[in-house]
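The values are calculated or read from the model by the stated rules, or taken from the named source; none is laboratory data. None of the values given here were measured: they were computed from a predicted structure. Note that we place each Cβ from the backbone using ideal geometry, even for glycine, and neighbour counts take in every protein chain shown.
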Amino acid sequence: MSLKPSTEVLYHESTSTGLAQPSVPPIYQTATFTQSNAVGFDEYDYSRSGNPTRTVLEKQLARIEGASHGFAFSSGMAAISNTLRLVGNGESVLATTDLYGGTSRFLEKILRPQGNDVQYADSSQLESFSCQIKAQRPRLVFLETPSNPLIKISDIAGIADACKSVGAILAVDNTMMSPCLQRPLEHGASIVIHSATKFLSVHADVTAGSVCTNDDALAEKIKFFQNAEGTALAPFDSWLLLRGMKTIFLRVKESQANAEKIAAHLLSLGLPTFYPLLDTNHGARIHGRQASGGGSVMSFRAGSFQKAVAFAEATKVFRISVSFGSISSTLSVPVRMSHASIPDHLKESRPLPDDLVRLSVGIEHNDDLLQDLQQALKVMYGHGNLEPNQSSWAGPENVESSL
Ligand SMILES: *Cc1c(COP(=O)(O)O)cnc(C)c1O
């Protein structure tokens, strides 16, 4: 009998030790495992290479993502750096432009100085992005959809086709959606990555990352890098993640219901709002095809940097935080926070509106969230002379026209 993912996350493989049948996977808080003989290794020997608590988690991550292999890392960046190890010396990478700051930093400060060719293009433009793939013939294409914080949508299946035609690996960072709403492997991606610090961990109490794939050869390499570099997730953190994941479907559904109302409210006030399924988002149709909902992260333009800061500092239920995907609502001003790690020379070609506020909506009562927004908007409107639609930011045309 095949079970739905929301049922599957409640159960786990047996971790029976012969002593007992634990109904929750125990934490194997041990670095080493005593071996039965001196000439070979048993299934577990050393926790960097393998740990039973992590194995339960890795199987769970694979199941929820529709993959045959899953790997758990000490952070999202560890998951990304291990994936980028698949790019050999001198090989090239093509990444989308609206990229997580830490990923940009890794590509620019680590991969490029090693002699790798690193290129960027706007993956929300399928035709030109596919042409770039065919001309550049990169070893790996790196995608985020929806992108963060501008919520641009890329067509995973279309890009996967272009990647296949040149034998490129397609890695999709699926952090913004969680596996509950979008499963990129089903649309042809070779690898799906998560910062499990966000939706998967739920309670914002652990930093973790995951990599899942259906490709046996890629899985073997990732497993090798995970062990060789020592980037795997610790037993206690694996347990925390397993615990959080049990209710991920409920939480994602609830926070999305809150987010839909908030996005509609911001839009009704005439504030330029970025959310995957709004009619104003050019990619809404594509998103509707490859994901089952808009999720709970959105951004809007306050009108000026001062207004954005005034709004952020006036909220009481929404707390200022760099991260997103927690059960409690958070907000940030990306230009000074999560995207501050974008290397300076890239900032010019990738202008981010400095009046952008990103909201990550949690599971609080919707009335409390709306009330909080309304009182903070009042404070915001009182700041500076600019009205929301008159920002001085002159960004790329495709961003402006998606308002
Ligand atoms: C947070 C984040 C990362 C990095 O993950 P860490 O767990 O902080 O290392 C990578 N990609 C995206 C889209 C993120 O939001």
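I'd like to know if the stretch 173-190 contains one or more residues that are touching a strand residue (DSSP E or B) at 6+ places or on another chain (Cβ under 9 Å), within 16 Å of the ligand (Cβ to nearest atom) and part of a strand (DSSP E or B).
Taking every residue of the stretch 173-190 in turn, at least one turns out to be touching a strand residue (DSSP E or B) at 6+ places or on another chain (Cβ under 9 Å), within 16 Å of the ligand (Cβ to nearest atom) and part of a strand (DSSP E or B).
Could you identify the single residue in Val206, Val202, Val211 that is within 16 Å of the ligand (Cβ to nearest atom) and without any contact (Cβ under 8 Å) to a residue 60 or more places away in the chain?
Val206
Considering (1) free of Cβ contacts under 8 Å to residues at least 12 places away in the same chain; (2) of a type in the set (A, V, I, L, M); (3) in contact with a Lys or Arg (Cβ under 9 Å, 6 or more places away or on another chain), say which one Leu19 fails and leave the rest.
Among (1) free of Cβ contacts under 8 Å to residues at least 12 places away in the same chain; (2) of a type in the set (A, V, I, L, M); (3) in contact with a Lys or Arg (Cβ under 9 Å, 6 or more places away or on another chain), Leu19 violates only (3).
So if I check each of Ser147, Ser104, which one is within 14 Å of the ligand (Cβ to nearest atom) and over 25 Å from Thr231 (Cα atoms)?
Of Ser147, Ser104, the one residue that is within 14 Å of the ligand (Cβ to nearest atom) and over 25 Å from Thr231 (Cα atoms) is Ser147.
Filtering the stretch 114-155 down to residues that are over 21 Å from Arg85 (Cβ atoms) and among the basic types (Lys, Arg), which residue is surrounded by the fewest Cβ atoms within 10 Å (Cβ to Cβ)?
Lys134
Here are some conditions: (1) among the charged types (D, E, K, R); (2) within 12 Å of the chain's Cα centre (by Cα); (3) more than 16 Å from the ligand (Cβ to nearest atom). Asp216 meets all but one. Which one does it not meet?
(2)
Where the second residue is within 16 Å of the ligand (Cβ to nearest atom) and of a type in the set (Val, Ile, Thr) and the first is free of Cβ contacts under 8 Å to residues at least 24 places away in the same chain and lies in the stretch 64-88, which pairs have Cβ atoms under 8 Å and are six or more apart or on separate chains?
Partner pairs satisfying both residue conditions: none exist.
Taking the criterion of being at pLDDT 95 or above, in a loop (DSSP other than H, G, I, E, B) and out of contact with any helix residue (DSSP H, G or I) (no Cβ under 8 Å at 6 or more places or on another chain), would at least one residue in the stretch 91-105 satisfy it?
Yes: the stretch 91-105 contains one or more residues that are at pLDDT 95 or above, in a loop (DSSP other than H, G, I, E, B) and out of contact with any helix residue (DSSP H, G or I) (no Cβ under 8 Å at 6 or more places or on another chain).
Mind listing just one residue for me: the one in the stretch 49-86 that is part of a loop (DSSP other than H, G, I, E, B) and more than 16 Å from Ala189 (Cα to Cα) and, of those, nearest to the ligand (Cβ to nearest atom)?
Going through the qualifying residues, I end up with Ser75.
Within the stretch 45-63, how many residues are touching a residue at least 60 places away in the same chain (Cβ under 8 Å) and either touching a Lys or Arg at 6+ places or on another chain (Cβ under 6 Å) or among the basic types (Lys, Arg) (or both)?
Matching residues across the stretch 45-63 total 2.
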